[in-house]
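Have a look at the structure below before the remarks.
Throughout, read-outs are computed from the coordinates displayed, never taken from laboratory work. Given the structure is predicted, the values throughout are model-derived calculations rather than measurements. Cβ atoms come from the backbone with ideal geometry, glycine included; neighbour counts cover every protein chain shown.
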Amino acid sequence: MATITLKDPVTVAGQEYKELTMRAPKVRDMLAASKGGKNDAEQELALFANLCEVAPDVILELDMADYVKMQGMYKGFLS
């Protein structure tokens with residue numbers, strides 16, 4: 001698991017998120033995210049939401065700088 005402290009915290013459904021914790025991905029996570037005819041960006045969003053155990057709306061509200069950090073954290077799990 002790895003935690004990212006958000007540069008710009010987000011509030012969704014009345015809950016503030018200052019950090020997100022991502023667990024290591026499994027093959028089943030990738031397959032679940034790819035269902036439903038989603039494009040690559042939507043698949044990644046669904047995958048990150050699942051790995052961080054938050055609603056996709058939380059990921060949608062992230063500042064792009066925080067999202068890029070999240071992408072780096074994910075890539076770190078794959079190396």
Q) For segment 51-66, how many residues meet the condition of being assigned to a helix (DSSP H, G or I) and touching a residue at least 12 places away in the same chain (Cβ under 8 Å)? A) 8
Q: Please indicate, with yes or no, whether at least one residue in segment 26-34 is surrounded by 17 or more Cβ atoms within 10 Å (Cβ to Cβ) and not hydrophobic (A, V, I, L, M, F, W, C).
A: no
